[in-house]
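Working notes for the structure below.
Just so you know, all these numbers are worked out from the coordinates, no wet-lab data involved. No experiment lies behind these values; they were computed from the predicted model shown. So basically every Cβ, Gly included, is an ideal-geometry build from the backbone, and we count neighbours across all protein chains shown.
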Amino acid sequence: MRPDEAVRVAKMLEAAGCAGVEISSGTIAEGLAIMRGPRIPTDALLAANFKLDAVPGLFKPGVARILPLLTPASPKPYRLYNIDAARLIRKAVSIPVSVVGGIHTLEDASRVIEDGTADFVSMSRPFIIEPSIVNRYQEGRQEASRCTMCNYCAIMIEKEPLRCWNGRIPKRA
Ligand SMILES: Cc1cc2nc3c(=O)[nH]c(=O)nc-3n(C[C@H](O)[C@H](O)[C@H](O)COP(=O)(O)O)c2cc1C
């Protein structure tokens, strides 16, 4: 879906009575395009992806080496990647617009609201690593999420409860 099509869909949602829209960039089926990040989450894919966890242990180190060559890289930029679409859509509708995607610092979140890009900012991975991050922003105790955009959280949920893995799967005893 391109931004002009998303504008048309947003108008249809408004006409249908939706209270607001959130601007994302696809569903979880889009993988690294929706949850962007600087590296291929090889270990997590080998541990939890339903296609790759069937690879026999003996072959996993080899697969780990070739996987980055086979897996499409996450598109750039890694931050603020739905901002332009949100701006377009906000101009086209009167209902509140929220935007999500790589908005991980207090400065970026504030700017998105202050410059009128959106009415709300949403965050996903920052809440997984630090559920109290908004309180910490409000209290002046923190200004940026510690999320490294490793994306292990999203891949590992195929097998494990949701949590921040911070780019590493601990060896089990
Ligand atoms: C663990 C996890 C599960 C997600 N599940 C969905 C989903 O079911 N549908 C969806 O549209 N986006 C899903 N997302 C994408 C987020 O809504 C969001 O667009 C993305 O993580 C980028 O925002 P962030 O930089 O604040 O994490 C998921 C993201 C994570 C990390």
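Listing for the model above:
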item: Highest-fluctuation residue, Gly26, Gly101, Gly17 considered, GNM on the chain with Cα pairs under 10 Å; result: Gly17
item: Highest-MSF residue in the chain out of Ala48, Ala19, Ala64 [GNM, Cα springs under 10 Å]; result: Ala19
item: Net length gained if the chain between Arg146 and Asp84 were fully extended (0.36 nm per residue, minus Cα distance); result: 19.9 nm
item: Rg(Cα)/(2.2 N^0.38 Å) for the chain, N = residue count; result: 1.17
item: Per DSSP, loop chymotrypsin sites (Phe, Trp or Tyr not before Pro) in the stretch 1-86 with at most 16 further Cβ within 10 Å; result: Phe50, Tyr78
item: The stretch 78-162: trypsin sites (Lys or Arg not before Pro) in DSSP loop, at most 11 other beta carbons within 10 Å; result: Arg141
item: Cleavage-rule hits, GluC sites (Glu not before Pro), the stretch 81-173, DSSP coil, Cβ neighbours within 10 Å at most 13; result: Glu139, Glu143, Glu158
item: Counted charge near Ala73, where neighbours are those whose Cβ lies closer than 14 Å (Asp, Glu -1; Lys, Arg +1); result: +2
item: Cross-link partners of Lys60 among aspartates and glutamates (Cα-Cα below 17 Å; sequence separation of 8 or more within a chain); result: Asp43
item: Where labels lie 7 Å past Cα in the beta-carbon direction, separation of Lys51 and Arg168 in nm; result: 2.9
item: Size of charge dipole - the stretch 8-122 - debye, nearest 20, with Cβ of Lys, Arg +1 and Asp, Glu -1, no other charges; result: 400
item: Gaussian network model of the chain, Cα within-10 Å springs - most flexible of Thr117, Thr105, Thr71; result: Thr71
